[in-house]
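Derivation of every value follows stated rules applied to the coordinates shown; laboratory data play no part. Everything numeric in this text was worked out from a predicted model, so none of it was measured. No Cβ is skipped: glycine too gets one built from the backbone with ideal geometry, and neighbour counts run over all protein chains shown.
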Amino acid sequence: MQDTSRHPVGRPLSACLTAQVGSHDKWALLRDLTIAAEDFGLGHRPLSVLKALLSFWPERELPGTPGGAIVFPSNRALSERLSGMPESTLRRHLAALTARGIIHRHDSANGKRFARRAGSEIGVAFGFDLSPLARAASALERAVTEATLRRERIAVLRARLGMLRQRLLETGAPEELLEAARLLLRRKCSEDVLSAIVSRLEAELPTQAPDDIPALTVSDPAPLSASNTQNERHIQESDRSYSDSESAQQPKVPPVVGAGPAEKDTRLTVPMIAETCREYRAFFPEAPKGWHELVAISQRLAPMMGIEPPVLHEAQRIMGPERAAATLLCLLERHAQIRKPGAYLRRLTQMAQRGSFSVFSLLSALSRRPDAGNCQLTI
């Protein structure tokens, strides 16, 4: 007994044909085949050719009787209906539709496509038989159901992948794994590939149980605290957080009024920063005269380094504009070693929010470089 409930990619439609014989809406069949086109190894161009063939059938209902739905347009007529598709391309797509069992060729002795009438009816016709598409209506319905479920599962996996990557940005996971996850989120991947990368990301969270990761389900709305005749007031925070490392699943952090405890060192001065950090002089030769000029320089350097404005604004809000500017100049000194300055600055901002980051310590480390006279950090 042959199993026709699953359709491997590129499986001929003739392998899914059942004993069903009847008439079906040709445009509904085309819609179902378009949804499940990946299962049959079809692209949009062969589907466009099939749509043109269906347009030559005069009725909306497509019969399933073998040889009962033959159309016989010439290649020139098909090319005109396909907005001038070259005949070589047209023949290639017709061959693909025939190989997949979606249409059958009913050729004449000389290979021409034509019809002979007997009175008011067509006695014999030579061309493309569209009846296999009607006979596969039930198989197409199953393929559509499976394709829809597969797309929903892929959407869930992609959402879960984004959530796990966001959490691992805060725990210091391997950068190669995070980069692979980011690239997969920008591409169209199969369900197996997404499942594998999600499993790898979950393995990088040893301190969190799987139950701690919220399921992607819709919860019931919370009841209002007042009666039904009153409206709840919506209070919107004017100071929004633009850091993409914060998500709805994480607990809210109270707003930071100033810098963390590690940032209360008054020894941090503009001359010290200008003497230690020298890479900025390639863009701004004159030394900054005060904090306001140093902040302005950092704001102009941020887009050159690939740091997005929301990340810089969040660093200025947590660290303060002066210390954020000093941190940015320190990152510029190590620009050859840092692959993603934006993610690095976001990580330092999170450390500063917990009070475990000091700009003075970063400057001290830079001042102890092997060659202090050279602005390039040796590796």
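Among rounded, prolate and oblate, which fits the range 264-311 when a ≥ b ≥ c are the square roots of the eigenvalues of its C-alpha gyration tensor, a/c under 1.5 means rounded, and a/b larger than b/c means prolate? It is oblate, given that a/c is not under 1.5 and a/b is not larger than b/c. Let me check I've understood the local charge: for Asp32, count other residues with C-beta under 14 angstrom from its C-beta, Lys and Arg +1, Asp and Glu -1. What total comes out? Net local charge, Asp32 excluded: 0. Here the Karplus curve 6.51 cos²θ - 1.76 cosθ + 1.60, taken at θ = phi - 60°, turns the phi angles of the range 75-81 into couplings of 4, 5, 5, 5, 5, 5, 6 Hz, with x standing for Gly and Pro. Annotation: amide H of Thr65 within the under-5 Å range of Gly22, sequence separation 5 or more or interchain, hydrogens built in the peptide plane. The calculated FRET efficiency for the pair Ala77 and Glu38, based on their C-beta separation and a Förster distance of 25 Å, comes to about 0.25.
For Arg105, the amide hydrogen comes within under 5 Å of the amide hydrogens of Asp129, counting only partners 5 or more places away or on other chains and with H modelled in the peptide plane.
Our estimate of slack between Ser199 and Glu121, defined as 0.36 nm per intervening residue step minus the Cα-Cα distance, is 21.7 nm.
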